[in-house]
Amino acid sequence: MRMLLDSCAFVDLATQADSLTERAISEYQNIHNDCYLSVATVWELGLKKSLSKLSFDIDAAVKMLDENGIKLLDINLPISLMVNKLPYHHKDPFDRIIITTAKINNMMIMTSDDIFSQYGVDIIQSRVR
């Protein structure tokens, strides 16, 4: 399976948060799955840190990408064009990039955001409710 981590899922995995679901941990640790992170997520987390809305060490987390086999995906022209065609169920531009990236690349999304499923993408619930 190919799965794209959204910002919250990435932070939760990087910090080994207690709130992670058993399925999220299992899918992340499954050697047959490929995990991806969008540069949009790095961008979003960097912005939140610079605004003091996040105390997460983004630099250390980015180093963990290679160590954990997480591949980085760029924002390309097809993503940039399709993101504007999505219905506005979700207003957050970073989440809209994540959704579009998953749709174009036929990926599941690991997220705690239920709105993602309104876009016809399969999600792996990352946080216990």
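FYI, it's all coordinate maths here, none of it is from the lab. Because the structure is predicted, anything quoted here is derived from the model rather than measured. Virtual Cβ from ideal backbone geometry, glycine too; neighbours counted across all protein chains shown.
Dipole magnitude for the chain: computed about the Cα centre from +1 point charges on Lys and Arg Cβ and -1 point charges on Asp and Glu Cβ, it is near 380 debye.
Computed 3J(HN,Hα) for the stretch 40-55, one whole-Hz value per residue from the Karplus formula 6.51 cos²θ - 1.76 cosθ + 1.60 where θ = phi - 60°, is 4, 5, 4, 4, 4, 5, x, 4, 4, 5, 5, 8, 6, 9, 8, 9, glycine and proline marked x. Packing here is the average count of other Cβ atoms within 10 Å per residue, and on that basis the peptides 83-92, 14-23, highest first, run 14-23, 83-92. Shown for Asp114, Asp12: other C-beta atoms within 10 Å of each C-beta, ranked fewest to most, produce the order Asp114, Asp12.
Label zone of Leu81 (point 7 Å out along Cα→Cβ, amide N under 19 Å): in the stretch 90-120 this covers 97-106. Of all aspartates and glutamates in the structure, those lying under 16 Å Cα to Cα from Lys91, and not within fewer than 8 positions of it along the same chain, are Asp6, Glu44, Asp113, Asp114.
Counting neighbouring Cβ atoms within 10 Å and putting the fewest first, the residues Ile115, Ile123 line up as Ile115, Ile123. As a length-normalised measure over Cα pairs under 8 Å and 6 or more apart, the relative contact order of the stretch 2-125 settles at 34 percent. With N set to the number of residues, divide the alpha-carbon radius of gyration of the chain by 2.2 N^0.38 Å and report two decimals. For the chain, the normalised Cα radius of gyration comes out at 0.99.
In the stretch 2-125, a dipole from Cβ-located charges (positive for Lys and Arg, negative for Asp and Glu) runs towards its positive end, and of Ser55, Ile104, Cys8 it is Ile104 whose Cα lies farthest in that direction.
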